[in-house]
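The values are calculated or read from the model by the stated rules, or taken from the named source; none is laboratory data. Just so we're clear, the structure is a prediction, and the values are computed from it rather than from any experiment. In this analysis, Cβ positions are derived from the backbone assuming ideal geometry, glycine residues included, and neighbour counts consider all displayed protein chains. Only protein heavy atoms, including side chains, enter the accessible area calculation; ligands, DNA and RNA are left aside. Shrake-Rupley method; radii C 1.70, N 1.55, O 1.52, S 1.80 Å.
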Amino acid sequence: MLASCRVAGTGLVLTWSGLVHANPTDSSGSWDEVESILIDYCFDCHDNLNSEGGFNLEELRPDFLDNQAAQHWIEVMDNINASEMPPEDKPQPSAGERALVAEWVAGELRAVREQALATGGRALLRRLTRTEYENTVVDLLGVVFPPKENPGTVLPPDGSIDGFHKVSQGLLLDPSLLDQYFEMAKRVADLAIQPGDPPVPTVTQRIEYERYDLGLTRGSPSRDLPRDKSISPDGTGVITWGSGWRTFGQLKHPYNDQMIPVSGRYAIRFRIGVDPGDRDEPMFFKVTRQGEGDLFYEEITASIDSPETYEVITELDSSAGGELQLGPVYRTSSVTNNIFERNGRELAEEFSTAGDFEAASRVKAQLWAEGHYGMNSTPDPKTLDTSGFPRTYIDYVELEGPLYDEWPPRSMKILFPDGFDGGEGSVDLLRDIISRLLPRAYRRPVEQGEIEQVERVALAQWEESGEFLEGVRAAIVTILCSPDFLYLLEPGDGPPRPLNEFELASRLSYFLWSTKPDEGLIAAAGSGGLASNLAREVDRLLSSPKSDALIDGFAAQWIKAAEFDRFEPDRSIYKQFYGDDKVGLNDDLNREPLEFIRHLLREDGDIRDLLDSDWTMANRRLARWYDLPGADLLSDEAFVPVSLHAESPRGGLVGMGAVHKWGSDGNRTKPVERGKYLLEVLFNDPPNPPPPNVGEVEPNVEGERLTVRERLEQHRSIKSCASCHSRLDPYGLALENFGVVGHWREYQDGEVGHWPKNDETRIDPSGRLPNGEDFSDINEFRDALRAMDDRFFLGFSEKLFTYATGRIPEPVDREILVAMVTRLQESGGSFRAAIHELVQSDAFLMK
């Protein structure tokens with residue numbers, strides 16, 4: 001059942017599960033031990049003579065390929081795990097014996113699953129992932145997708161197997177989903193064919209705020225109030241805390257009288273300055289839109305005397321609705337919005353003096369409604385002098401859009417390289433378009449019959465509609481709905497064969513770029529020189545910005561980046577994470593591990609730095625959060641390598657806040673989850689699923705103050721939990737000094753607002769790994785991880801293999817995995833070396 005080999009001189013043992021036979025006693029011998037335990041403790045009630053509950057273990061054979069038998073074995077495992085079998089009045093197996101049976105059943109079930117996914121070492125037909133589809137369409141036709149209309153939001157979701165979206169069995173195309181691909185193809189054709197002028201012209205609109213009094217109605221422009229009652233003596237729009245601006249329908253596009261006429265890219269510009277007043281603290285400014293969140297949120301340093309223009313270019317959705325809202329944000333508690341009270345009293349008096357008692361009553365009524373009058377109808381003393389209040393001045397706001405990269409769009413230049421003036425077109429032009437598109441879309445040379453097939457569909461649509469461009473649209477839709485476009489096709493059901501040059505070009509390009517081969521790859525394939533110059537082409541592809549797809553695809557799926565935000569940190573407990581100067585910090589935490597791996601790939605670094613390193617990737621916000629030296633010298637956006645001091649708790653994946661967030665529930669840390677993460681991500685060695693109804697480590701009940709370690713110790717006292725937790729807990733508890741949001745802590749926090757700092761709440765991160773290695777703190781733990789680099793190399797190789805080939809490694813792949821591990825050892829952990837070794841293997845080069 002198991003096959004293994006040893007890499008000479010490394011002490012590394014590679015093991016693969018193979019076929020599960022009806023008589024597994026011929027392989028590992030563990031069945032003999034399981035059977036012996038069952039005879040000693042279970043046959044008394046569940047044999048041929050006493051089949052209590054209709055359950056006969058004597059006749060239950062260890063054949064996990066039999067679904068009914070497998071289900072019975074699951075019941076055995078669950079009952080033993082839950083200590084529900086044997087009954088309390090019967091002799092009980094030891095914890096070790098229970099664990100042996102449970103782990104044997106779980107291992108056999110895993111082997112069955114692996115066999116179900118096994119392809120005999122062959123890459124199977126699969127459809128393009130949503131990302132691959134979008135990238136391929138963009139490269140093929142040069143289209144630009146509006147927000148919320150891209151393939152990632154419209155096409156069926158990609159199936160995930162072993163954490164990856166590229167495994168063939170998860171990317172089958174159900175016929176019931178073809179309508180979605182048809183609708184997407186029609187949308188692509190519409191985006192590609194746009195003759196004439198832009199359908200919605202680019203327009204710049206401006207609102208000048210100094211026209212309005214902004215201080216008397218909490219920021220609402222009021223044309224009825226006299227200009228000299230604005231807060232600033234010169235009549236400009238200066239506001240204090242609690243006030244802000246909105247666009248109030250002043251930025252309507254003439255196309256359809258909407259602020260955002262169509263979804264697309266827009267530029268928002270505004271000229272502002274600030275005066276921190278007596279507070280003398282950083283001042284921030286925010287631009288939001290209902291339905292689209294924060295569009296701009298930055299510290300403003302320009303003064304009121306010297307305002308500056310700020311710009312943000314962003315995607316805006318025409319269906320979101322809502323006006324732009326702009327206003328200042330301060331780091332500390334708000335200033336009471338008492339400006340209206342002071343000016344409102346003066347205004348009411350003026351109205352009264354002028355005999356306009358109705359207007360005066362309206363102003364007083366608003367003052368009453370907003371609580372500005374006290375019991376004795378005397379002004380709040382804080383309203384008498386506002387000279388020290390922080391202030392913000394805004395001159396104007398501009399909205400420009402929709403923005404186009406170029407016009408005519410690139411897609412029209414691809415379809416009509418000689419230009420198209422909207423004329424009638426010709427059969428020759430239609431045939432030329434199809435002849436140029438088809439081989440690029442199919443990623444191979446095409447036959448004349450394939451061109452004629454698409455041409456017939458296009459001609460029929462042209463004739464029916466009377467419009468030449470409708471024929472071109474029909475051609476595009478036909479091509480994009482073809483299996484030759486939607487699937488990665490490598491025909492052949494016979495014996496294994498080498499990929500031809502064009503198949504190899506596609507496999508390589510979709511591995512490293514997640515898109516179709518470029519002209520260089522196609523040219524190399526066409527000349528027959530791709531396979532013989534594979535190393536050169538791999539280096540060329542990796543040096544291209546398009547290789548970011550390997551980070552956004554492989555790396556992101558490997559480290560579970562999409563799950564970093566599965567729980568939001570508790571705002572009432574982790575207030576320090578949500579300060580106004582921390583806006584963007586959560587995204588920075590999520591970016592750090594991906595930027596780290598990106599740097600490793602770009603600089604051909606040592607992937608063992610993911611286990612332990614003396615550097616990380618950071619920008620200013622993240623470096624400040626981690627308290628790294630030189631933080632203030634960094635920029636807010638660009639991530640750069642930052643050195644760590646010798647005793648820094650950071651370094652490697654285990655020191656990154658995104659991982660700590662993943663292993664928390666937003667309120668408290670969860671060492672079991674963190675241990676599970678490290679075993680699965682670093683070593684591709686996930687633990688067995690927990691027994692049903694066993695529950696998890698419970699949070700503290702009211703009145704208790706047990707640390708997470710203390711509650712884990714209670715949890716491990718449950719017989720069915722002890723075995724798995726002895727393997728998981730050391731990895732998770734080693735990270736306990738990192739809190740929910742990745743902050744360093746010496747004492748327990750979370751769950752409640754305050755924990756006493758004493759010996760009982762001091763965090764103990766020490767432990768012993770299953771291999772017997774002891775550690776006392778995070779630095780010794782990272783050293784222990786680094787010592788397990790061979791195990792890490794194997795897990796990494798298996799993950800990279802799965803992503804590149806679209807299948808799970810099998811026993812027949814033992815040789816390539818050993819070769820990848822050896823290459824990693826010899827190259828000093830080179831990411832690129834592992835890629836080179838993989839693409840030169842039969843597993844990658846053969847069909």
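At a glance:
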{"read-out": "FRET efficiency estimate (nearest 0.05) - Cβ-Cβ, VAL427 to TYR747, R0 56 angstrom", "value": "0.10"}
{"read-out": "Mean separation of Cα contacts under 8 Å, 6 or more apart, over the residue count of the range 800-847: relative contact order %", "value": "34"}
{"read-out": "Accessible-area composition of the range 733-847, carbon plus sulfur, in percent [1.4 Å probe]", "value": "45"}
{"read-out": "Contour minus Cα-Cα distance for GLU464 and ASP580 (0.36 nm per residue)", "value": "35.7 nm"}
{"read-out": "Protection proxy ranking, peptides 798-811, 512-525, average beta carbon neighbours within 10 Å, highest first", "value": "798-811, 512-525"}
{"read-out": "Gain on full stretching of the segment that runs from GLU563 to GLN325 - 0.36 nm per residue minus C-alpha separation", "value": "82.6 nm"}
{"read-out": "Förster-model FRET efficiency, 35 Å R0, ARG602 and GLU315, C-beta, rounded to 0.05", "value": "0.80"}
{"read-out": "Length released on extending from ASN771 to ARG571, taking residue separation times 0.36 nm less the Cα-Cα span", "value": "68.1 nm"}
{"read-out": "Pairs from LYS148/LYS252; LYS560/LYS757; LYS413/LYS516 whose Cα-Cα separation, in the structure shown, is over 25 Å", "value": "LYS560/LYS757"}
{"read-out": "Packing-based ranking, highest mean first, of 193-201, 127-135 given that Cβ atoms within 10 Å are counted", "value": "127-135, 193-201"}
{"read-out": "The range 483-606: C-alpha gyration tensor shape, a/c 1.5 cut-off, then a/b vs b/c", "value": "prolate"}
{"read-out": "Residues in the range 262-283 that a label on SER303 would reach, taking backbone N under 17 Å of a point 7 Å out along Cα→Cβ", "value": "272-283"}
{"read-out": "Solvent-accessible area per residue, Å², over the range 716-847 with all protein chains present [probe radius 1.4 Å]", "value": "37"}
{"read-out": "Portion, in percent, of the accessible area of the range 504-652 that falls on carbon or sulfur, probe 1.4 Å", "value": "49"}
{"read-out": "Packing rank of 788-795, 41-48, where each peptide gets the mean count of other beta carbons within 10 Å, highest leading", "value": "788-795, 41-48"}
{"read-out": "Set of the range 452-489 residues, backbone N closer than 11 Å to the point 7 Å along the Cα-Cβ line of LEU173", "value": "479-489"}
{"read-out": "Two-site FRET efficiency, HIS645 against ASP783, from Cβ-Cβ distance with R₀ of 22 Å, rounded to 0.05", "value": "0.85"}
{"read-out": "Surface accessible to a 1.4 Å probe, per residue, for the residues of the range 486-607, Å²", "value": "41"}
{"read-out": "Long pairs among LYS676/LYS799; LYS286/LYS582; LYS166/LYS676, criterion Cα-Cα beyond 20 Å", "value": "LYS166/LYS676"}
